[in-house]
Amino acid sequence: MTVETQLPYDKDYLMQYSERRKEPQWFRDVRLNAIETAENLAMPKLEKTRLKNWNFTNFKHDVSGEAVQKFEELPEKIRVLLGEKSTSENLIIVRNNDVAHASLSPELQDKGVVFKDIFTAMNENEDLVKKYFMQDGVSVDEHKLTARHAALLNSGVFLYVPKNVKVEEPIQIVFWQEDPEAALFNHVLLVADQHSEVTYLENYVSENKNEEAVANIVSEVFALDGANVSYGAVDNFEKGTTTYVNRRGVAQRDATIEWALGQMNDGNTISDNVTYLMGDNSYSYAKAVSVGRGDQKQDFTAKIVHYGKESEGYILQHGVMKDNATSIFNGIGKIEHGATKANAEQESRVLMLDQGSRGDANPILLIDEDDVTAGHAASVGRVDPIQLYYLMSRGISQQEAERLVIHGFLSPVVREIPIETVQAQLREVIEGKVY
Amino acid sequence: MAGSTLEIKDLHVEIEGLEILKGVNLTIKGGEFHAVMGPNGTGKSTLASAVMGHPKYEVTKGSILLDGEDVLEMEVDERAQAGLFLAMQYPSEISGVTTSDFLRSSINSLREEGDEIPLMQFIKKMDETMDYLEIDKNMAQRYLNEGFSGGEKKRNEILQLMMLEPAMAILDEIDSGLDIDALKVVSKGINKMRNEEFGCLIITHYQRLLDYITPDHVHVMMQGRVVKSGGPELAERLEAEGYDWIKEELGIEDETIGQNA
């Protein structure tokens, strides 16, 4: 199989699909244009990762999921993520491509907060969705995968926080790919209006150790003037899923976007996290941890682009590679002309555990303005056998010693993560991947 | 005497192709304190590392037995589980792992599964031991050896020794880099371990540690071998006269490795 393989989905299919989803005409047009555009676009260009033999075409597109009535119905790995209590009032669970559970507290509803699946939103909140969907964040025609995303979108969520509304409790969503061959073309659209505040937390879970599937995810986050968005994610797709995930933020004047990403997929993954600091005095901190294992190949990019004066962007990513896993970590700080007094800082660190594991960190600073500050730190290294020897000399097994070293290596990022639930989830998922 | 017995027989050890130990023989029984002395570069630390299983050292000949069991067949963690302990000259720094978490993992790895040390009992023991060694309490929550001063690292090694209570300990230059107050505290900890069961091999090239810890047996290493053994009086004579008289007696010109007699 090669990346050039044609998709088995044409315009007729998309027309029918769109009708069944009761989509407005404008969105149907987005799909139909996108499928045509996708044909002529190339795959994303990755400097150091070759996409040959990655599965982007073998999947089931339209798979439904039943409603979840009780917490106990959820599989163990999701219950763990939600915490055994799971009293979250603001929670959506998407099972395959359908909403299986949705709740939003009455207080937030009264304040005008919108949290619903994207198909409902494109009808009920048409103006907002139309204004923000793949316009100023991610464009349909960036490359073949963004175009396919728009064409084949089969899941998504819309979160809107009105002006001056501060949401105290995290808004949480779980995307559960129960069907092992189900594709997820998922779109997250988050708009935080002026001076609002919100913490959003998402989990991706699949169950396909052997079957092949595809995840093509685009998140667009808009923090308007003075808004404050904290975005947490723990990706945990199984080995069979090839993932393209593009999380992009746009911060206006005095706005803040904080990212806390646990990049814990077991399959091949391209993960792009880009923030545009458009407004003066805007701020972003992108934190990410990754654990690679098996034969998986991954390409991570954390990028912050400064347009606003006195904008500040920080990138901190730590990754551990085990077995034969390969990962590229790109850290890019870009300061555009006119962004005076901007500050771009980044740190990327990779630890390789086994002979076959590979890691690469590419710190890049692109600066088109004189009056700025910037800095980077990067390191790639193998686990020190003397460290393991020291730990083992106290009776600790090699496996346990490696576990301690991995947790220790990732902990400077994990403990800096502002959302407690994400910290706890990450510790769980890291634990699961270490053995 | 009760306790364990460590037997080192005709031990030859290489590092990166260079032979460092050229036939060391040494037997340590439970209840005994042995001191291995000698100038720098005579193979003392190599002996300690080879017994524990340091990955860079290769045993080319000879044997190490603990209560008759072949230590050389054991992985490093199995050696610890069998009762061996090495207080290292240069302990590793482990970022992100607290001293307390590490010690608890260690203790539990030395106990049977399902017989983990209760948390409160662990905390109590750790607090008491830290008090005894005059260690600042916040060390428990600091990352293992990270940013520790030389003295703190050495105290931490003795803290581990006292918490893990091995049958047989090797202390590799535990006195180096310590000021006199720290040396007294560290010695106090080591002496507290003394009982009928516990065996200990103290490696040092300074006599001064033996002012605080009295060994039952003293051995002198040169050129990768034990060249002289005796009682505490040997250490006293070394303090008074240095090593030259031994070299003269044995006809050794250069005591360091690579200078074959």
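Assorted remarks:
- Residue match in region A:351-370 (condition: more than 30 Å from A:Ile335 (Cβ to Cβ), within 14 Å of another protein chain (Cβ to nearest Cβ) and touching a His at 6+ places or on another chain (Cβ under 9 Å)): no
- Test: A:Ala344 is surrounded by 21 or more Cβ atoms within 10 Å (Cβ to Cβ) and more than 14 Å from chain B (Cβ to nearest Cβ): yes
- All positions within region B:191-240 that are closer than 19 Å to B:Ala2 by Cα, crowded, with 16+ Cβ neighbours inside 10 Å and in contact with a helix residue (DSSP H, G or I) (Cβ under 8 Å, 6 or more places away or on another chain): B:Met193, B:Cys200, B:Leu201, B:Pro215
- Which numbered condition A:His101 misses (of (1) under 21 Å from A:Val188 (Cα atoms); (2) surrounded by fewer than 17 Cβ atoms within 10 Å (Cβ to Cβ)): (2)
- Test result for B:Ile213, more than 14 Å from chain A (Cβ to nearest Cβ) and under 18 Å from B:Ala87 (Cβ atoms): yes
- For B:Ile123: the one exception among (1) β-branched (Val, Ile, Thr); (2) surrounded by fewer than 18 Cβ atoms within 10 Å (Cβ to Cβ); (3) in contact with an Asp or Glu (Cβ under 7 Å, 6 or more places away or on another chain): (3)
- Residue match in region B:85-96 (condition: in contact with an Asp or Glu (Cβ under 9 Å, 6 or more places away or on another chain), crowded, with 21+ Cβ neighbours inside 10 Å and more than 26 Å from B:Ser149 (Cα to Cα)): no
- Test: A:His306 is under 18 Å from the mean Cα position of the chain (by Cα) and either crowded, with 21+ Cβ neighbours inside 10 Å or aromatic (Phe, Trp, Tyr) (or both): no
- Subset of region A:403-413 [among the aliphatic types (A, V, I, L, M), facing chain B (nearest Cβ under 9 Å) and in contact with a His (Cβ under 8 Å, 6 or more places away or on another chain)]: A:Leu410
- For first residues located in region A:373-402 and within 13 Å of chain B (Cβ to nearest Cβ), partners that are assigned to a loop (DSSP other than H, G, I, E, B) and among the polar types (S, T, N, Q) and lie 6+ apart or on another chain with Cβ distances below 6 Å form the pairs A:Ile386/B:Ser92; A:Gln387/B:Ser92; A:Tyr390/B:Ser92.
- Listed by position, the helices (runs of 4 or more DSSP H) enclosed by region B:41-150 that each have at least 1 residues that are within 11 Å of chain A (Cβ to nearest Cβ) and touching a Lys or Arg at 6+ places or on another chain (Cβ under 7 Å) are B:44-52, B:76-82, B:99-110.
To keep it simple, each residue is scored yes or no on (1) farther than 26 Å from A:Val129 by Cβ; (2) of a type in the set (Lys, Arg); (3) touching a residue at least 12 places away in the same chain (Cβ under 8 Å).
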{"residue": "A:Asn210", "(1), (2), (3)": "yes, no, yes"}
{"residue": "A:Ile217", "(1), (2), (3)": "no, no, yes"}
{"residue": "A:Ala223", "(1), (2), (3)": "no, no, yes"}
{"residue": "A:Arg247", "(1), (2), (3)": "no, yes, yes"}
{"residue": "A:Thr256", "(1), (2), (3)": "no, no, yes"}
{"residue": "A:Leu277", "(1), (2), (3)": "no, no, yes"}
{"residue": "A:Ser282", "(1), (2), (3)": "no, no, yes"}
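- Of all the criteria given as (1) assigned to a strand (DSSP E or B); (2) surrounded by fewer than 22 Cβ atoms within 10 Å (Cβ to Cβ), the one not satisfied by B:Lys184 is (1).
- Criterion (surrounded by 18 or more Cβ atoms within 10 Å (Cβ to Cβ), closer than 30 Å to B:Met163 by Cβ and touching a Phe, Trp or Tyr at 6+ places or on another chain (Cβ under 6 Å)) met by exactly one of A:Leu351, A:Leu410: A:Leu351
- Selection status of B:Arg225, free of Cβ contacts under 8 Å to residues at least 60 places away in the same chain and either over 21 Å from B:Lys44 (Cβ atoms) or more than 16 Å from the chain's Cα centre (by Cα) (or both): no
- Only one entry in B:Met221, B:Met163 is assigned to a helix (DSSP H, G or I) and among the aliphatic types (A, V, I, L, M), namely B:Met163.
- Residues being surrounded by fewer than 23 Cβ atoms within 10 Å (Cβ to Cβ) and either in contact with a Lys or Arg (Cβ under 8 Å, 6 or more places away or on another chain) or aliphatic (A, V, I, L, M) (or both) - total across region A:157-166: 2
- Taken over region A:76-107, the residue count meeting the criterion of being assigned to a loop (DSSP other than H, G, I, E, B) and either of a type in the set (Gly, Ala, Ser) or modelled with pLDDT of 85 or more (or both) is 9.
The values are calculated or read from the model by the stated rules, or taken from the named source; none is laboratory data. If you're wondering where the values come from, they're calculated on a predicted model, not measured in any experiment. Ideal geometry is used to build each Cβ from the backbone, glycine not excepted, and the neighbour counts take in all protein chains shown.
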